[in-house]
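To start, the structure under review is shown below, and the notes come after it.
Read-outs: derived from the displayed coordinates by stated rules, not from any lab. Since the structure is predicted, the reported quantities are computational estimates derived from the model, not experimental observations. With ideal geometry, Cβ positions are generated from the backbone for all residues, glycine too; neighbour counts draw on all protein chains shown.
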Amino acid sequence: MDKLRVLSGVQPTGNLHLGNYLGAIRNWVEGQSQYDNFFCVVDLHAITVPHNPQTLAQDSYTIAALYLACGIDLAYSTIFIQSHVSAHSELAWLLNCITPLNWLEGMIQFKEKALKQGQNVSVGLLDYPVLMAADILLYDADLVPVGEDQKQHIELTRDLVIRLNDRFGTKENPVLKLPKPLIRQEGARVMSLVDGTRKMSKSDPSELSRINLLDSPEEIAKKIKRCKTDPIKGLEFDNPERPECNNLLTLYMLLSGKTKETVAAECQDMGWGKFKPLLTETTITALKPIQDKYQEVMADKNYLESVLKAGREQAEAIANPILAKVKAALGYTQPL
Ligand code: AMP
Ligand code: TRP
């Protein structure tokens with residue numbers, strides 16, 4: 001039987017943090033041998049909020065290199081840059097024309113980001129989920145591994161498939177495939193280090209709120225030292241009154257590879273003074289191999305470029321025929 005296909009992506013805005021890693025990329029790596037995988041750097045999404053043209057290219061390379069550094073294996077996976085495959089923009093346009101405006105206006109991420117932008121909200125920000133749907137649908141993806149915050153966007157993608165198939169396909173011959181989200185429970189929502197009720201985010205103005213994959217041991221130690229805790233002795237999971245405690249124990253669990261039961265037993269009588277150095281050590285140790293591999297990949301630009309060139313070719317080989325199929329279903333003539 002053919003392997004199921006997986007597609008996912010991360011935006012090249014700033015550095016990746018532990019939320020991106022534990023919520024998304026780690027799951028891509030762990031599942032990759034079972035699937036046929038496409039991982040893109042979604043640089044078209046990165047310009048939906050004001051961006052810096054001086055750093056966009058470099059940031060895109062950084063994310064691609066981090067994919068490799070985190071363990072994405074080219075034997076199972078294709079890595080490419082979204083803007084290199086023009087079918088993404090083109091399918092997004094076609095999907096735009098069947099997307100009801102009010103579906104987009106109701107998206108949580110749009111409303112949150114729009115609030116932050118004030119007067120300066122672009123049409124692109126509203127359209128962000130349609131472009132994301134195009135990313136997924138161009139590859140006939142079965143599964144989309146993401147963090148919890150992306151679930152609503154995948155539901156919208158599914159609604160678009162149903163609508164398009166209903167209008168332009170037949171029951172026997174649907175135009176597009178219906179994808180499913182793949183969201184792991186643990187790590188799906190890593191919280192900020194300064195407020196356990198908010199998610200860790202690239203756009204949080206406080207650097208202390210997140211640990212980046214490329215942070216030095218000193219930075220990691222400083223951030224954990226200063227992170228928010230509570231005055232209660234003894235550490236525990238799943239107490240809604242103690243969101244920071246749950247978050248930090250979850251980080252320790254995921255980064256150490258220990259089970260929840262082991263961590264719960266190990267930490268039940270611990271105070272923060274003992275736990276923080278332990279979490280610091282564990283985080284530094286877990287990130288070291290990723291950081292070393294990242295340096296290695298970045299030192300060889302030719303290699304990285306060859307990966308992205310091959311990735312583009314492999315991506316186009318799947319995406320272009322699917323785009324052609326959608327255009328045919330919508331009634332377009334073939335280019336002469
Ligand atoms: P972004 O940084 O918005 O491009 O997100 C890239 C991936 O990381 C997506 O799959 C997100 O769902 C995931 N992600 C981002 N922030 C978090 C977080 N705090 N916890 C878990 N997953 C996250
Ligand atoms: N919107 C996603 C995020 O911010 C990134 C993304 C863009 C994506 N296109 C995608 C994720 C396709 C999965 C599949 O996290």
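The table that follows gives values for the structure above.
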| quantity | calculated |
| --- | --- |
| Relative contact order (percent, whole number), the chain, Cα cutoff 8 Å, 6+ residue spacing | 22 |
| Cα centroid separation, the stretch 181-214 to the stretch 235-290 (Å) | 15 |
| Cα gyration tensor, the stretch 255-336 - rounded (a/c under 1.5), prolate or oblate | oblate |
| Magnitude of the charge dipole, the stretch 184-286, Cβ model with Lys/Arg +1 and Asp/Glu -1, debye to 20 | 220 |
| Most mobile listed residue (ARG312, ARG167, ARG189) in the chain, GNM with C-alpha springs under 10 Å | ARG167 |
| Within the chain, helix-based [θ] at 222 nm, where runs of 4 or more DSSP H residues each add -39,500 (n - 2.57), nearest 500 | -16000 deg cm²/dmol |
| Cα-based reach from LYS258 at 18 Å (exclusive), listing aspartates and glutamates while leaving out same-chain residues under 8 positions away | GLU30, GLU186, GLU236, ASP238, GLU266, ASP269, GLU281 |
| Among ASP127, ASP215, ASP204: highest mean-square fluctuation, GNM of the chain, C-alpha pairs under 10 Å | ASP204 |
| Computed magnitude of the charge dipole of the chain (debye, nearest 20; Cβ of K, R +1, Cβ of D, E -1) | 340 |
| Prolate/oblate/rounded label for the stretch 41-91 (Cα gyration tensor, a/c 1.5) | oblate |
| GNM result for the chain, Cα springs below 10 Å: residue of PRO181, PRO321, PRO240 fluctuating most strongly | PRO240 |
| Positive-end residue, the stretch 232-272 charge dipole about Cα centroid, Cβ charges, pick of PHE237, TRP272, SER256 | SER256 |
| 0 to 90° range, to nearest 10: angle between helix 217-226 axis and the chain longest Cα axis | 70 |
| Normalised convex hull volume, the stretch 116-265, alpha-carbon set, Å³ per residue | 175 |
| Centroid-to-centroid separation of the stretch 37-60 and the stretch 125-170 [C-alpha atoms, Å] | 20 |
| Cα-based shape type of the stretch 1-135, given that a ≥ b ≥ c are square roots of the gyration tensor eigenvalues and the cut on a/c is 1.5 | prolate |
| Relative contact order (%) - the stretch 190-321, alpha-carbon pairs under 8 angstrom, separation at least six | 21 |
| DSSP beta bridges in the chain [antiparallel fraction, %, rounded to 5] | 10 |
| Spatially near lysine pairs across the stretch 100-254, Cα under 18 Å, sequence gap of 8 or more or different chains | 15 |
